[in-house]
Structure formats: structure tokens, C-alpha cells
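S.K.: Sharing a structure, written as C-alpha cells. Questions coming.
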Amino acid sequence: VENIARLRTATRLIAAAKAAAGSRIGLIGEGVVPKFYDIDISPKDRAQIERRYRIKFVNVPIQRLVDRANSYPETAMRRAGTAFAKRFSQVAVDQAALIKQARMLQAIRDLTREGRFASLAIRCWPELQSIYGAWPCPAISALNDLGIPTACEGDPGGALDMLLAAQLTKTPTTLVDIVDWDERRNSLAIWHCGPTACSWADKGARLLPHNVDGRAPNGRPALGLPGIVDLDFKPGKVSVFRTLGALDDEFVLEGQITRAPAQRICGSYGMLSRVKAYGLPVRMAAVREGIFTRALPHHYTAARGHLFS
């Protein structure tokens with residue numbers, strides 16, 4: 001059973017890559033974020049992907065995004081900021097922050113159209129906070145809802161996997177980390193700081209200041225620049241996967257999103273239960289051991305439905 005499931009999974013991923021043949025992936029920013037080397041794709045593997053599937057990675061300087069975002073007329077962007085706020089059930093940032101998100105969203109959409117990009121990876125820190133004064137998570141959330149698969153932290157592998165998933169499902173996908181394990185319930189937590197499409201939300205999505213970059217006067221952590229999209233993933237079937245190398249291997253889990261706990265990490269969050277790997281139930285200890293022994297990247301693509309079963 002497992003061998004058949006592995007073959008079926010590999011076949012579906014290769015078919016998705018062939019369906020995406022000729023696509024261009026926009027990498028907005030100068031590579032992956034600092035020290036996140038594990039999520040990068042080597043030059044050799046990028047060349048292989050381009051040769052096999054004609055999928056090309058295209059660099060776009062982060063300053064080009066900022067310059068474009070700042071170029072739009074103020075009146076139009078005030079209206080766009082008001083419209084942007086309607087995506088969320090709660091908004092805890094001011095109008096100036098909404099306008100910054102609207103500018104960024106418009107700029108990325110324009111760059112995507114001009115570059116003929118099928119998916120994106122945005123280097124979301126540290127430059128944008130210092131030269132633009134915002135985190136792009138809410139804009140990334142909107143891009144994913146608009147059908148432009150967008151990964152954060154400059155992750156080219158994430159952008160590639162989200163592009164592949166877009167060939168297998170019409171619903172938005174999202175980039176996640178595996179951040180916690182519950183051995184007793186045999187479940188795991190998937191999360192990222194706020195790039196998930198609002199359509200994934202169980203009971204509304206909240207636009208909040210970021211939770212990692214602020215400092216109180218006494219030096220303790222505090223809320224920082226806007227913004228993140230805080231939401232609980234609605235229950236349902238979900239696939240979590242990462243391709244490796246030049247699509248030579250993969251890591252795949254499928255399970256069921258259950259209700260989030262009352263206390264959880266702020267951001268885009270879901271609990272994955274009834275987890276299977278290649279059609280067979282799997283214990284969390286085995287999942288964890290597989291991640292560590294294979295030295296897998298810490299980013300995964302989450303997609304609605306069981307894409308490989």
C-alpha cells in the first residue's frame with residue numbers, strides 16, 4: 001500500500017510540474033531571509049527544474065517593490081486601504097497602515113502581471129521593515145485569496161510547491177511551519193505568522209500588529225509594526241507537503257484540521273489530526289524523526305483537501 005501511495009504521490013507532483021511548464025516564479029527580494037538556508041533551492045537544482053520543466057526563477061529587487069508601492073496617488077490608495085480593511089473581521093491597525101498594505105498589494109500585483117509570474121516568494125524581512133515600515137503578511141494573505149500563490153521569507157521551494165498545488169486544487173494554499181506536537185492526541189500544529197488567505201479562516205480573520213518585532217520601554221517583547229493575519233484554520237481535510245531537490249523526492253502528510261485550542265500562537269494556525277503518510281496512519285514520533293533525520297526544510301505548503309490520496 002505504501003509503495004503504491006508513494007508512486008501515486010510522485011506521479012501527481014510530476015504531472016503538476018508538467019502542467020506548470022513554462023511558468024515563471026518571481027523572487028521579490030535578495031534571496032531567502034537571513035540564516036534560513038534550509039529553505040533555499042541550490043543553483044544546481046534550479047537549473048535542473050528549469051531544464052526538466054521549464055519553470056524559471058526570476059529575481060526582483062526589494063527596492064523595486066518599495067518604489068512601486070510609493071508611486072501610487074494618495075487619493076486612490078486611501079480608497080484601496082478602506083477596501084482592504086473589509087477583508088478582515090477585526091482591524092487593529094490604523095488607516096496609514098492599511099494604506100501601506102494596499103500600496104504593497106497593488107505593487108506586487110503589478111509586478112506579477114509585468115513579470116508574468118505564476119507564483120511568488122517575497123523576502124518579507126528584514127528590509128521591508130526598515131525601508132517601508134511594514135510587514136507584507138496581510139498583502140500576501142490577499143494575494144493568496146486572489147489566486148496568486150505567494151510564499152514568504154523569500155522561499156523559492158515554497159513558491160514552487162504552491163505553484164504545483166495550484167495545479168491540483170483551485171482553493172488557495174498557504175506556507176506553514178510545524179511548530180508543536182501533541183503526542184497524546186497524535187496531532188501537530190501548523191502555523192505561520194500571518195500569510196494565509198482569509199478564506200481559510202474558521203471564524204473570521206484579524207489584522208493585527210506583528211508579534212515579534214516590538215519592544216516595550218523595559219526591553220521586553222511587545223507588538224510591533226503592522227501587520228499579520230491572525231486566524232484559526234477552518235476544520236477539514238488538509239495536505240502538508242514539501243518537494244525536495246529538483247522534484248526528486250518529497251515529504252507528504254495528510255490529515256484533518258480540528259478546532260484550535262483556546263490558547264495558541266498568534267498568527268495563521270491550525271491543528272492537524274488523524275495524520276497519515278502515504279495512506280497509512282503515522283505517529284508523531286515517526287513524523288518528527290523523519291523530519292530530523294532527513295534534515296528537511298522547515299517550510300511546508302498546506303493545501304485544502306487530500307491532494308495525493
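S.K.: Can you name the residue in the stretch 162-193 that is in a strand (DSSP E or B) and charged (D, E, K, R) and is also modelled with the highest pLDDT among such residues?
M.R.: Asp177
S.K.: Among the listed residues Ile148, Ile140, identify the single one that is part of a loop (DSSP other than H, G, I, E, B), in contact with a Ser or Thr (Cβ under 7 Å, 6 or more places away or on another chain) and touching a residue at least 12 places away in the same chain (Cβ under 8 Å).
M.R.: So the residue among Ile148, Ile140 that is part of a loop (DSSP other than H, G, I, E, B), in contact with a Ser or Thr (Cβ under 7 Å, 6 or more places away or on another chain) and touching a residue at least 12 places away in the same chain (Cβ under 8 Å) is Ile148.
S.K.: If you don't mind, there's one more thing I want to ask. Can you find even one residue in the stretch 132-141 that is within 27 Å of Pro43 (Cβ to Cβ) and among the hydrophobic types (A, V, I, L, M, F, W, C)?
M.R.: Among the residues of the stretch 132-141, at least one is within 27 Å of Pro43 (Cβ to Cβ) and among the hydrophobic types (A, V, I, L, M, F, W, C), which makes the answer yes.
S.K.: Would you say Gly22 is in a loop (DSSP other than H, G, I, E, B) and at pLDDT below 95?
M.R.: Against the criterion (in a loop (DSSP other than H, G, I, E, B) and at pLDDT below 95), Gly22 does not qualify.
S.K.: Turning to a different aspect of this structure: Can you tell me which of (1) surrounded by 13 or more Cβ atoms within 10 Å (Cβ to Cβ); (2) more than 20 Å from Leu143 (Cβ to Cβ); (3) not small (Gly, Ala, Ser) is the one Val32 doesn't meet?
M.R.: For Val32, the exception is condition (2).
S.K.: Name the residue that is modelled with the lowest pLDDT, counting only residues in the stretch 219-242 that are of a type outside the set (Gly, Ala, Ser) and assigned to a loop (DSSP other than H, G, I, E, B).
M.R.: Here the residue is Leu223.
S.K.: Give the residue, chosen from Ala5, Ala21, Ala17, that is touching a Phe, Trp or Tyr at 6+ places or on another chain (Cβ under 7 Å), surrounded by fewer than 16 Cβ atoms within 10 Å (Cβ to Cβ) and either under 30 Å from Pro209 (Cα atoms) or aliphatic (A, V, I, L, M) (or both).
M.R.: Ala21
S.K.: So, Asp94, is that one surrounded by fewer than 24 Cβ atoms within 10 Å (Cβ to Cβ), closer than 30 Å to Val287 by Cα and over 17 Å from the mean Cα position of the chain (by Cα) or not?
M.R.: When the stated conditions are applied, Asp94 does not pass them.
S.K.: Same structure, new question: Could you pull out the residue among Phe84, Phe88 that is at pLDDT 95 or above and outside any helix (DSSP H, G or I)?
M.R.: Phe88
S.K.: Filter the stretch 181-195 down to residues that are farther than 15 Å from Val229 by Cα and touching a residue at least 12 places away in the same chain (Cβ under 8 Å) and give me whichever is surrounded by the most Cβ atoms within 10 Å (Cβ to Cβ).
M.R.: Result: Leu188.
S.K.: Related question: If you scan the stretch 102-135, which residues turn out to be touching a residue at least 40 places away in the same chain (Cβ under 8 Å) and basic (Lys, Arg)?
M.R.: Across the stretch 102-135, the qualifying residues are Arg116, Arg123.
S.K.: Here's a check for you: in the stretch 289-309, which residue that is assigned to a helix (DSSP H, G or I) and hydrophobic (A, V, I, L, M, F, W, C) is surrounded by the fewest Cβ atoms within 10 Å (Cβ to Cβ)?
M.R.: Among those that are assigned to a helix (DSSP H, G or I) and hydrophobic (A, V, I, L, M, F, W, C), it is Phe292.
S.K.: Of the residues Pro172, Pro149, only one is out of contact with any strand residue (DSSP E or B) (no Cβ under 7 Å at 6 or more places or on another chain), crowded, with 24+ Cβ neighbours inside 10 Å and within 30 Å of Thr11 (Cβ to Cβ); which?
M.R.: Testing whether each residue is out of contact with any strand residue (DSSP E or B) (no Cβ under 7 Å at 6 or more places or on another chain), crowded, with 24+ Cβ neighbours inside 10 Å and within 30 Å of Thr11 (Cβ to Cβ) leaves just Pro172.
S.K.: Within the set of pairs 6 or more residues apart or between chains, which connect a residue that is closer than 15 Å to Phe117 by Cβ inside the stretch 42-56 to a residue that is surrounded by 14 or more Cβ atoms within 10 Å (Cβ to Cβ) and among the β-branched types (Val, Ile, Thr) with Cβ atoms less than 6 Å apart?
M.R.: Within 6 Å, the pairs are Ile55/Ile49.
S.K.: Would you check which residues across the stretch 106-130 are touching a strand residue (DSSP E or B) at 6+ places or on another chain (Cβ under 9 Å) and either surrounded by fewer than 19 Cβ atoms within 10 Å (Cβ to Cβ) or hydroxyl-bearing (Ser, Thr, Tyr) (or both) and list them?
M.R.: Selection gives Leu111, Thr112, Gly115, Arg116, Ser119.
The values are calculated or read from the model by the stated rules, or taken from the named source; none is laboratory data. Just so we're clear, the structure is a prediction, and the values are computed from it rather than from any experiment. For neighbour counting, all protein chains shown are included, and Cβ atoms are generated from backbone atoms with ideal geometry for every residue, glycine included.
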